[in-house]
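The values are calculated or read from the model by the stated rules, or taken from the named source; none is laboratory data. In this text the structure is predicted, and so the values were computed from the model without any measurement. Every residue, glycine as well, gets a Cβ built from its backbone with ideal geometry; the counts of neighbours run over all protein chains shown. SASA here: full protein model, heavy atoms, side chains in, ligands and nucleic acids out. Shrake-Rupley method; radii C 1.70, N 1.55, O 1.52, S 1.80 Å.
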Amino acid sequence: MWILEAILLALSLCADCFAVTTCSSLTLRRVTWREVFPIALIFSTIHIILMLSGWLFGDLFAGYLHRIADIIGFLLLLYVGGSMIIEALRGEEQNHNLNGFKNIVIGAVATSIDAFAVGISLSFCGTSLKTMAADVVALFIVTFLVVTVGVFGGAKIGDRFGKPAEIVGGIVLVAIGIGVLTGLI
């Protein structure tokens, strides 16, 4: 039963990964496995690192994280989404998408803050090492798969619809950030 719970937890933590990678990869157009693999690996690794960090240091950071997590998530998504919109409207070369290590890390951190908070919650609930190991493995695998599908899907949509898709993708990221900030997401 705990394996199913681990998979469901991972799926819930990866919904934003799918949205962000799909929207952010609209500018990539055509991608290959060679390009997608490191993106999925970085997102997956950051997700599990933050979840484990939350679990290990839950007692120390709980009060502080609760106050600032939504603001941090909002600002990161506003940066990525707003940059996509502005650059699509100006017709500039895209710099704030999943091109480049910095942009991949920003997207991964923005979508992993909730994993950190969940790690803290699991710490407070007294989650065992065995259960946490299952959660981490499930989170890594599900994040990897979800990000892979998101990047390939976003690149296909971007290749077909171009600038309008980039603008809509940027708007979606900003809307997700507003939802995080207001508590709607």
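Yes/no per residue for (1) free of Cβ contacts under 8 Å to residues at least 24 places away in the same chain; (2) farther than 22 Å from Thr22 by Cβ; (3) open to solvent by less than 20 Å² (accessible area, probe 1.4 Å); (4) out of contact with any helix residue (DSSP H, G or I) (no Cβ under 6 Å at 6 or more places or on another chain):
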| residue | (1), (2), (3), (4) |
| --- | --- |
| Asn103 | no, no, yes, yes |
| Asp135 | no, yes, yes, no |
| Gly150 | no, no, yes, no |
| Leu173 | no, no, yes, no |
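Among what's in segment 152-171 and is over 18 Å from Cys17 (Cβ atoms) and of a type in the set (Val, Ile, Thr), pick the residue that is surrounded by the fewest Cβ atoms within 10 Å (Cβ to Cβ). If we take residues in segment 152-171 being over 18 Å from Cys17 (Cβ atoms) and of a type in the set (Val, Ile, Thr), then Ile171 is surrounded by the fewest Cβ atoms within 10 Å (Cβ to Cβ). Of all residues in segment 27-46, those that are closer than 25 Å to Ala115 by Cα have Cβ atoms under 6 Å from Cβ atoms of residues that are modelled with pLDDT of 90 or more and of a type in the set (Phe, Trp, Tyr), 6 or more apart or on another chain, in Ala40/Phe144; Ser44/Phe140; Ser44/Phe144. Of all residues in segment 49-73, those being surrounded by 21 or more Cβ atoms within 10 Å (Cβ to Cβ) and at pLDDT 75 or above number 4. A count restricted to segment 110-144 and to residues that are of a type in the set (A, V, I, L, M) and out of contact with any Gly (no Cβ under 9 Å at 6 or more places or on another chain) stands at 9. Residue count for segment 1-47, restricted to those that are within 12 Å of Asp135 (Cα to Cα), surrounded by 15 or more Cβ atoms within 10 Å (Cβ to Cβ) and either touching a Pro at 6+ places or on another chain (Cβ under 9 Å) or not hydrophobic (A, V, I, L, M, F, W, C) (or both): 1. Count of segment 122-168 residues, restricted to those that are over 20 Å from the mean Cα position of the chain (by Cα) and aromatic (Phe, Trp, Tyr), is 2.
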